[in-house]
C-alpha cells in the first residue's frame with residue numbers, strides 16, 4: 001500500500017472489507033520510465049479474477065486543447081498519467097468497479113475513476129547523460145472533449161422522451177456515470193437487484209472511448225499512406241508518426257486484452273453473427289481488441305513499405321552519385337593527360353600555344369589520352385562477372401578460332417576430404 005492515500009482508502013476499504021489490490025491497481029501506473037525499476041500495475045492471478053465482484057479497466061481519452069502541445073510527454077497534473085505537436089491529446093485513464101451483496105437483498109458498489117482533466121504538468125526534472133536538467137513548465141491549457149465526445153450508446157428513443165433528457169456532458173468518467181445513472185436508469189428497472197447491472201455503464205463508456213480512439217487512428221493512417229503515394233517528403237517525421245502509432249496500438253491492445261480476461265470474455269474468437277442487444281459488452285470489447293490488432297498490423301506493414309521506399313530512394317541517390325563520379329572520371333581521363341604531357345616530355349617554350357612546335361605537343365597529348373583510355377578500358381574489362389581476373393580478348397580470340405564450338409565453363413575436379421586414402 002506504499003504511495004497510496006491510506007486515510008482515504010480506509011474510509012472505503014475498512015467498512016466494506018475490500019482487497020487492497022483493488023486500490024493498488026487503480027492508483028499505480030507506469031507511463032514511461034528510464035529507470036530499471038519502474039512502478040507498474042500489480043497483475044493478479046487470472047484464476048482469482050471474479051467479474052461479478054470486481055474488475056479493472058485501463059482506457060484512453062481523447063481531449064482537444066486550445067493550442068498546439070509541445071512535442072514532449074505531458075501528464076495530467078492530478079493523476080500523473082500520460083501524451084505530438086498537435087492540439088489533440090490522448091490521456092491514459094483507469095476505472096475500477098467493486099461490489100458486494102448485503103443481507104436483505106441489497107448490495108454495495110464502489111467505483112474508482114480518474115477526475116476530469118484540469119491542468120497539464122511535465123516532469124520537473126529530466127535525467128539525461130548522467131545529470132538532471134530543469135524543464136520549462138507548460139502554460140495552463142484549456143481542453144474540451146474531442147469532436148464533442150464519443151457517440152452515445154443509448155438506443156434511439158422517441159422525440160418526446162429525448163426532449164426531457166439532459167444533454168450528455170462528455171467531461172469525465174464521473175460526470176458521465178452520474179448522467180447515465182440519473183437519466184437512463186429507467187431502461188432496465190427490473191434488473192437492479194444484481195449489482196453487476198451497475199457496471200454496464202462503466203463498460204459501455206470505456207468501449208465508447210476505445211471506439212473513438214480507433215476511429216482517430218484509422219483517420220491518421222490513410223493520411224500517412226497518401227503522403228507515401230504522392231511525394232517522398234519529411235520521411236523522418238512520417239517514420240516517427242508510424243512508429244508511434246504502432247507502439248501505441250500495441251499498448252492499447254495489451255490494455256484491452258486484460259479487460260475481457262477480467263470479465264470472463266474470450267478474446268481469441270469473435271462471433272460476428274451472434275445476435276446481441278445494446279447491453280452486450282462482450283461483442284464490443286472483442287471487436288475493439290481485433291480492430292486494434294488489425295491497426296497494429298497495418299501500421300507495421302506501412303512501416304515496412306516506408307523502409308522499402310527509403311531503400312529505393314537511397315539506391316536512386318547512390319545511382320545519381322555514381323553517374324556524377326563517372327562523369328568526373330571521364331573529365332579527368334581527358335584533361336589530366338593534357339596537363340601532364342608537357343611535364344612528362346619536358347616540353348618548354350617552343351611547344352607553347354602560338355609557337356611553331358605547338359602541334360607536336362598537341363599530337364603527343366592526344367596519343368597519351370588515347371593510350372590512357374585504352375589501358376583504362378582494358379583494366380575495367382579484365383574482371384568477369386564472378387569478379388575473377390581474366391585476360392582481355394581471350395574469349396573473343398577463342399571464339400574466332402573455333403566458331404563451331406560453344407564456350408563451356410571448365411569442369412573442376414572434385415576434391416576429396418582425404419579421409420579414405422589408403
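Among 371, 166, a tally of other beta-carbon atoms within 10 Å of each Cβ gives an order, fewest to most, of 166, 371.
Remark: the stretch 160-221 is approximated by an ellipsoid whose semi-axes, taken from the C-alpha gyration tensor as √(5λ), come to 25, 16, 10 Å, largest first. With labels modelled as points extended 7 Å from the Cα through the Cβ direction, what inter-label distance (nm, one decimal) is found for residue 349 paired with residue 375? Going from the residue 349 label point to the residue 375 one covers 3.2 nm. Extending 7 Å from the Cα toward the beta-carbon at both residue 175 and residue 240 defines two label points whose distance is 3.3 nm. The distance separating the Cα centre of the stretch 249-268 from that of the stretch 181-225 comes to 15 Å. The residues 326, 101, 7, when put in order of fewest to most other Cβ atoms within 10 Å, stand as 7, 326, 101. Note on residue 315 and residue 190: the model spin-label points, each 7 Å out from Cα along the C-beta direction, lie 7.0 nm apart.
Its residue count N fixes a reference of 2.2 N^0.38 Å for the stretch 270-348, and the Cα radius of gyration divided by that reference is 2.79. When 331, 224 are arranged by Cβ crowding within 10 Å, least crowded first, meaning fewest neighbours, the order is 331, 224.
Rule-based calculations on the coordinates, nothing more; no lab input. If you're wondering where the values come from, they're calculated on a predicted model, not measured in any experiment. For neighbour counting, all protein chains shown are included, and Cβ atoms are generated from backbone atoms with ideal geometry for every residue, glycine included.
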